[in-house]
Amino acid sequence: MPELRNSTYRHLEVSPIAGTIGAEIAGVDLAQDLPEEVMGEIRQALLDNLVIFFRDQKLEPDRQLAFARRWGEIHLHPFMQGMEKYPEVLEIRKTPADKVNFGGEWHSDQAFAPKPAMGTILYGVEIPSAGGDTLFTNLYRAYEALSPSMQRMLEKVKGVYRGNNLSGHDGQSREKFYAGRLAMKTRDPGDVQTTSTHPLVRTHPETGRKALFVGGHLHKFEDMSEAESRPLIDFLMRHATRPEFTCRFRWNSGSLAFWDNRCTMHFAINDYPAETRIMHRVTVCGDTPY
Ligand code: SIN
């Protein structure tokens, strides 16, 4: 099914930035208490484009939170500490002293939670003069481009998603991986569930479309060993990140991206070793995948 990008808008200008995912939106000031009609159009633009981008916004953390709360409850990151004054806002910060970046692998946010995040709202505060872009990929397309037999087989499979061991981290725990390499503060998740089992092919609750729910948190398949699961996970990750399913966003300070974690993955590129990048991230709670 092609992207349904032919909605008409009265309040927004919506300009797709790539063939299958991503659109820039003009004509809206997110710091305002937006009327329901405008919020409805933003929702439509998100469902049609999977990730939407706004430029030249002036958003203090309280206004970013106010906008995020219009979409649902705020999800607290189990492993990372939020800002002191705004614990629901995660400051993503990388300076020249840091070796790794946060989010530098393909993933959907909180896929390891029993109810993974619905959406993420990321605001650019300080952006490198070049680099620090974010990639996004369309997981509907990833599912739809598989052969019918593969689709049928995967529809029976469940994935085990783990929060403390991302695939690119060579088996190290998140804390060990980040220790001494990224200054952002981690925290003990306490009782929060950080491993969950979800259908590998999930149905988007609003569009009814099926998406291939892969990502760095996908550790193995249910009732299969890691060794049995890994080759298929590797294939699906390569497949899901084919260039034609992706878009790439170049940030400025004041840019905001809002993505739908139910049908996308994203990847923060770490290519600015001598510069600082600071972002404010708020994540909105989602539903149990089915
Ligand atoms: C993230 O994975 O949420 C961070 C994305 C980014 O910093 O571009």
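Tabulated results
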read-out	value
Taking the C-alpha atoms of the range 49-111, convex hull volume expressed per residue in Å³	154
Under 19 Å between alpha carbons - lysine pairs in the chain that sit 8 or more apart or on different chains	14
Full-stretch length increase - E222, R69 - with 0.36 nm per residue and alpha-carbon distance subtracted	51.7 nm
In Å², nearest 10: area of Y86 left accessible to a 1.4 Å probe	60
Calculated P(r) of the range 13-284 - Cα pairs past 36 Å, %	10
Enclosed volume per residue, in Å³, of the convex hull spanned by Cα atoms of the range 184-290	177
Computed magnitude of the charge dipole of the range 178-290 (debye, nearest 20; Cβ of K, R +1, Cβ of D, E -1)	420
Size of electric dipole in the chain: Cβ of Lys, Arg +1 and of Asp, Glu -1, about Cα centre, debye, nearest 20	520
Tensor-based shape of the range 191-236 (alpha-carbon gyration tensor, a/c under 1.5 rounded, otherwise prolate or oblate)	oblate
Residues T197 and R10, FRET efficiency given R0 of 45 Å [Cβ-Cβ distance, rounded to 0.05]	0.60
GNM top mover of R248, R262, R70 - the chain, alpha-carbon springs below 10 Å	R70
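The values are calculated or read from the model by the stated rules, or taken from the named source; none is laboratory data. A quick note: this is a predicted structure, and the numbers were derived from the prediction, not measured. All Cβ positions, glycine included, derive from the backbone under ideal geometry; neighbour counts span all protein chains shown. Ligands, DNA and RNA are excluded from the accessible area calculation, which covers all protein heavy atoms including side chains. Shrake-Rupley method; radii C 1.70, N 1.55, O 1.52, S 1.80 Å.
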